[in-house]
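The values are calculated or read from the model by the stated rules, or taken from the named source; none is laboratory data. All values reported here derive from a predicted model rather than from experimental measurement. Cβ placement follows ideal geometry from the backbone for every residue including glycine, while neighbour counts extend to all protein chains displayed. Ligands, DNA and RNA are stripped out before the accessible areas are found, and what is left, the full protein with its side chains, is counted by its heavy atoms. Shrake-Rupley method; radii C 1.70, N 1.55, O 1.52, S 1.80 Å.
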Protein chains: 2
Amino acid sequence: MSLETLSGQSEKAYALLKEDADKILKLIEVQMTNLTMPQCPLYEEVLDTQMFGLSREIDFAVRLNLVSEENGKALLDRLEKQLTQLHEATLKQK
Amino acid sequence: MSLETLSGQSEKAYALLKEDADKILKLIEVQMTNLTMPQCPLYEEVLDTQMFGLSREIDFAVRLNLVSEENGKALLDRLEKQLTQLHEATLKQK
């Protein structure tokens, strides 16, 4: 595969992964805003399942050499940090 | 992206997805063999989560134009059929 086409596919793959990470953040934000209990087990389950799905996507992209392991890990870490911040902000408001 | 390189990446993507589907089947087979109760909620949960992970991978591959929607769906359908057969065979033995 030429460098040029690989980099095109890589960019697309990375953009899709970022989009999916943002969707998870939005989903959790909506749940946080509308649920009275962020300690609800259902919330934890939804989050765990979504994070697992995203980590499978990232792993798949890494195995296809579309995304580096480092960038994939950074993407997951950033989402986790954003979720923690969101969680803390919501707890303070209630 | 040239047709040739796209087809190479497609083959690799499809092979990885098939590999992951087989891993789920093996995992469930091991669970079936070692658990006395395939009706166990934990078993259902593991299966649901694994299937969700695979469906996210397939969806990602489809969005990258590496796998056709039809082939992606066929892959999931086949795994579901195999799991049903495995489930039925195990229930008969017990």
Which order do A:Thr90, B:Thr33, B:Thr84 take when ranked by solvent-accessible area (1.4 Å probe, heavy atoms of all protein chains), largest first?
B:Thr33, B:Thr84, A:Thr90
Interface call, region B:9-23: threshold 40 Å², probe 1.4 Å, accessible heavy-atom surface of protein chains, chain by itself vs complex, result B:Gln9, B:Lys12, B:Leu16
Just to confirm the numbers: A:Asp77, label point 7 angstrom along the Cα-Cβ line, distances to the other copies in nm, shortest first?
4.3
Output, in nm with one decimal and in ascending order, the distances from the B:Val30 label point to the matching label points of the other copies (7 Å from Cα along Cα-to-Cβ).
3.6
Could you work out the mean count of beta carbons from other protein chains within 10 Å of each residue's beta carbon in B:53-66?
6
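When N counts the residues of region B:3-93, how does its alpha-carbon radius of gyration compare numerically with 2.2 N^0.38 Å, as a ratio? Don't skip to the answer; put the middle values down first.
Details: Rg = 15.0 Å, N = 91, 2.2 N^0.38 = 12.2 Å.
Rounded to two decimals, the normalised Rg is 1.23.
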In order over region B:79-92: 3J(HN,Hα) from phi, Karplus 6.51/-1.76/1.60, θ = phi - 60°, whole Hz, x for each Gly or Pro, gives 4, 4, 5, 4, 5, 5, 4, 4, 4, 5, 4, 5, 5, 5
Taking a point 7 angstrom from the Cα of A:Leu42 along the C-beta vector, which residues in region A:50-94 have backbone N less than 17 Å away?
A:50
Phi-derived 3J(HN,Hα) across region A:47-58 with the Karplus relation (6.51, -1.76, 1.60, θ = phi - 60°), rounded Hz, x for Gly and Pro, is 4, 4, 5, 5, 5, 4, x, 5, 5, 5, 4, 5
Counting only protein heavy atoms and leaving out ligands, DNA and RNA, the solvent-accessible surface of B:Ser10 at a 1.4 Å probe, in Å² to the nearest 10, equals 30
